[in-house]
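Please find one structure pasted underneath; my questions will follow.
The values are calculated or read from the model by the stated rules, or taken from the named source; none is laboratory data. From a predicted model like this one, the values you see are computed outputs, not experimental measurements. Virtual Cβ from ideal backbone geometry, glycine too; neighbours counted across all protein chains shown. Note: areas computed on protein heavy atoms with side chains; ligands, DNA, RNA excluded. Shrake-Rupley method; radii C 1.70, N 1.55, O 1.52, S 1.80 Å.
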Amino acid sequence: QVQLVESGGGLVQAGDSLGLSCVVSGGHFSTLALGWFRQVTGKEREIVAAISWSGGMTYYTDSVKGRFTISRDNAEKVVYLQMNSLKPEDTAMYYCAATSDYTITNMTGNYNYWGQGTQVTVSS
């Protein structure tokens, strides 16, 4: 059973940077595609970024391109999301997710395993 635990959320001001981490246990980390999602209360969960099992392919939703960077450390079994130039509209609960069924995917329903989330709040 794959388990994911996020950390690094918090309260920051617009323009600040924040880094999220997600430690993955169980399964074969180097064969998992990973993603970061976010959700605002009352709205659907949306993809933020995704990374292939090798790290060679990445995907970003348009609103974070040029500001966020997803990366992974297969030796440490951790996936990261570096967030720069944060905006109030980035405020959300951030979740990491994993799937062994795809090389890389941006579809919420394609992910099998989810963390509990970490809150990111950006004040204006």
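Please specify each residue of region 4-22 satisfying the condition of being of a type in the set (A, V, I, L, M, F, W, C) and buried (at least 17 other Cβ atoms within 10 Å of the Cβ).
Of everything in region 4-22, those that are of a type in the set (A, V, I, L, M, F, W, C) and buried (at least 17 other Cβ atoms within 10 Å of the Cβ) turn out to be Leu4, Val12, Leu18, Leu20, Cys22.
Does region 23-35 contain at least one residue that is at pLDDT below 95 and either part of a strand (DSSP E or B) or open to solvent by 60 Å² or more (accessible area, probe 1.4 Å) (or both)?
For region 23-35, residues at pLDDT below 95 and either part of a strand (DSSP E or B) or open to solvent by 60 Å² or more (accessible area, probe 1.4 Å) (or both): present.
Would you check if Asp90 is within 15 Å of Leu4 (Cα to Cα), open to solvent by less than 70 Å² (accessible area, probe 1.4 Å), of a type in the set (Asp, Glu) and within 14 Å of the chain's Cα centre (by Cα)?
The answer is no for Asp90.
Check off (1) surrounded by fewer than 19 Cβ atoms within 10 Å (Cβ to Cβ); (2) touching a Ser or Thr at 6+ places or on another chain (Cβ under 9 Å); (3) within 14 Å of Cys22 (Cα to Cα); (4) not aliphatic (A, V, I, L, M) for Ser52 and give me the number that stays unchecked.
(3)
A further question follows. I need the full set of residues from region 36-64 which are in a loop (DSSP other than H, G, I, E, B), in contact with a strand residue (DSSP E or B) (Cβ under 7 Å, 6 or more places away or on another chain) and of a type outside the set (A, V, I, L, M, F, W, C), in order please.
Once the filter is applied, which keeps residues that are in a loop (DSSP other than H, G, I, E, B), in contact with a strand residue (DSSP E or B) (Cβ under 7 Å, 6 or more places away or on another chain) and of a type outside the set (A, V, I, L, M, F, W, C), region 36-64 yields Arg45, Ser52, Gly55, Thr61.
Between a residue in region 9-21 that is more than 11 Å from Tyr80 (Cα to Cα) and any residue that is charged (D, E, K, R) and part of a loop (DSSP other than H, G, I, E, B), which pairs come within a Cβ distance under 7 Å, given they are 6 or more apart or on different chains?
Ala14/Lys87
Restricting attention to region 84-103, report how many residues are among the aliphatic types (A, V, I, L, M) and either touching a helix residue (DSSP H, G or I) at 6+ places or on another chain (Cβ under 6 Å) or at pLDDT below 95 (or both).
0
Something else: What are the residues in region 94-124 that are under 11 Å from Leu20 (Cβ atoms) and either open to solvent by 50 Å² or more (accessible area, probe 1.4 Å) or not aliphatic (A, V, I, L, M) (or both), if any?
Tyr94, Tyr95, Cys96, Gly115, Gly117, Thr118, Gln119
Hey, any hits in region 59-74 for a residue that's open to solvent by 40 Å² or more (accessible area, probe 1.4 Å) and either touching a Ser or Thr at 6+ places or on another chain (Cβ under 6 Å) or modelled with pLDDT under 95 (or both)?
Within region 59-74, one or more residues are open to solvent by 40 Å² or more (accessible area, probe 1.4 Å) and either touching a Ser or Thr at 6+ places or on another chain (Cβ under 6 Å) or modelled with pLDDT under 95 (or both).
Checking Ala75 against (1) part of a loop (DSSP other than H, G, I, E, B); (2) aliphatic (A, V, I, L, M); (3) under 13 Å from the mean Cα position of the chain (by Cα), only one condition comes out false. Which one?
So Ala75 meets the others, but not (3).
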